[in-house]
1. Would you please name the trypsin sites (Lys or Arg not before Pro) within the stretch B:1-108 that are DSSP coil residues with at most 16 other C-beta atoms within 10 Å of their C-beta?
2. Take each complete run of DSSP H in chain A, measure how far its Cα atoms stretch along the helix's own axis, and keep only those covering 18 Å or more with mean Kyte-Doolittle hydropathy at least 0.5; list them.
3. What shape does the stretch B:17-144 take by its C-alpha gyration tensor, where a ≥ b ≥ c are the square roots of the eigenvalues and a/c under 1.5 counts as rounded, a/b above b/c as prolate, and the rest as oblate?
4. Given the C-alpha centroids of the stretch A:154-204 and the stretch B:62-130, what is the distance between them in whole angstrom?
5. Check every DSSP H run in chain B and write down those whose alpha carbon atoms cover 18 angstrom or more along the long axis and whose mean Kyte-Doolittle hydropathy is 1.6 or greater.
6. Could you tell me which residue out of A:Ala125, A:Gly256, A:Val268 lies farthest along the dipole of chain A toward its positive end? Charges go on the beta carbon: Lys and Arg +1, Asp and Glu -1, centred on the Cα centre.
7. Expressed as a whole number of Å, what is the distance separating the alpha-carbon centroids of the stretch A:217-232 and the stretch A:54-122?
8. Once you have the Kirkwood Rh of chain A from its Cα pairs, apply Stokes-Einstein at 25 °C and 0.890 mPa s and quote D in µm²/s.
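Bear in mind that the values in this text are calculations on the coordinates, not laboratory data. These numbers come from a predicted model, not from an experiment. Cβ sites come from the backbone with ideal geometry, for glycine too, and all protein chains shown count toward neighbours.
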Amino acid sequence: MTFKFNNVFVNNTSTVTGPYEKEGPLGNKFDKSYDDLYNGEKSWEKAEVKLLEESIDILLNKSNKKKEDIDVIIAGDLLNQISASCYGSAKFKVPFLGIYSACSTSTEGILLGASLIDAGRVKNAIVSVSSHNMASEKQFRNPTEYGAPKPRTATFTTTGGASILLSNTKSKVKVESATIGKICNMDQKDPNNMGAAMAVAAADTIYTHLKDNKRDINYYDLIITGDLGVYGKEILKEYMMSEYGLELSTNYNDSGTMIYDVESQPEVLAGGSGPLCSPLVNYSYTIPLLEKGVLNRVLIVATGALFSPTFVFQKEPILSISHAVSLESVK
Amino acid sequence: MEKKDYKKIVDKYKAKETRVQNALVAFLIGGFIGIIAEFLIQIYSYYFNISTQDASVFMIVTLIFVATLCTALGFFDKWVNFARCGLIIPITGFAHSMMSAGMEYKKEGPVYGIGSNIFKLAGSVILYGVVSAWIFGMIRFLLFGGV
């Protein structure tokens, strides 16, 4: 399912991160970074709420908008009942839509917001996502102080909040089209190798997007997946080749391998993950390049492992999904 | 593509774990803790003039105290990450698992937080420890008459 948008533009973006992202290769490109994972709050969950809230505050500031100008906030995160999004958006008193699509929440939000704008229902929509390394460790794995050793295929949840303001007023970057992904199942059961579970969803969405739009893989200057990590990236390349005969070469990269320096930050193992991973890289690196005209066409393919500890303990596989959004530089 | 063919691709790009190195580190550090424990038993039984059996209880309490203190100060998790089973298998790992769970759920209060979560990791160890103690106790009783 792919659709095109005519009058949806990226007005502005904002990023707030934790210390590990600050030490990474994109460290100086974020709007704000904290040195402490608590960022002045009393618990991991409250810290995540604050990060999301702050990203919206910064976004409103940067784009000279008041909260009254915003018609809808669409937000999602990893915590149970997407609570970081709910608590973080509460103070703005703006119509709110909570969404969940694991680590592909950001593109799901953008495609929903863009659809509302394109249909003329709203003028300005904010899409926010957040994740917190410690809050997700606590919820999905072991107590944070336990520090259970993990295999190298495991990924490291990014910490922070990111928001994007979509609008119907013209700007330098256009939301051109979007593809809604399908839920994929390749019988992957290892929660420490999510890249393997998600690669198939990314491949399916990229293929569908190119086919629906009748485009060649080289049409895009950059195809950027969400959080496959070092190993997932290789799996995607090989699967893409053998299943669809498409070669992901120099115009392909993965946010999970870009947000951290895998060599000098060994604690991140195979790379970054979480709903924040893809927007952090795209809002701080890809969109500025589109604005400058260095890149002209970019396909953002955020990837989500629909991982439930309960179902995995009950021997069910990890499902995955991926939504794609195509952005274009406006001349 | 069939699921089994996909699995082949996944297996091809699986990271090689340094198992031999991990095992060696765990063996050395676990062994080192054993040496410290034996040393403590000797010290306690010599200076406090108590039996070796009583001294081993003192030794266990000491190790538990040191491990929980290190967890509370926030660096035991980094050691566990390096030493792995070398610190998890001895009593230090048990103490660490309870302390880390207790610290993590402190924010949710004494009952719904610490109370209901402190055995989150240690619960399995206690349950199956008791069950296996019963099984081996029965075997000993039936085969050797409880000697």
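1. Hits after loop and neighbour filter: B:Lys14, B:Lys16.
2. Span-like helices, by this rule, are A:105-118, A:194-212.
3. Verdict is rounded for the stretch B:17-144.
4. The stretch A:154-204 and the stretch B:62-130 have Cα centres spaced 35 Å from each other.
5. Span-like helices, by this rule, are B:52-73, B:122-144.
6. A:Ala125
7. Between the Cα centre of the stretch A:54-122 and that of the stretch A:217-232, the gap is 25 Å.
8. Once the numbers are plugged in, D ends up at 127 µm²/s.
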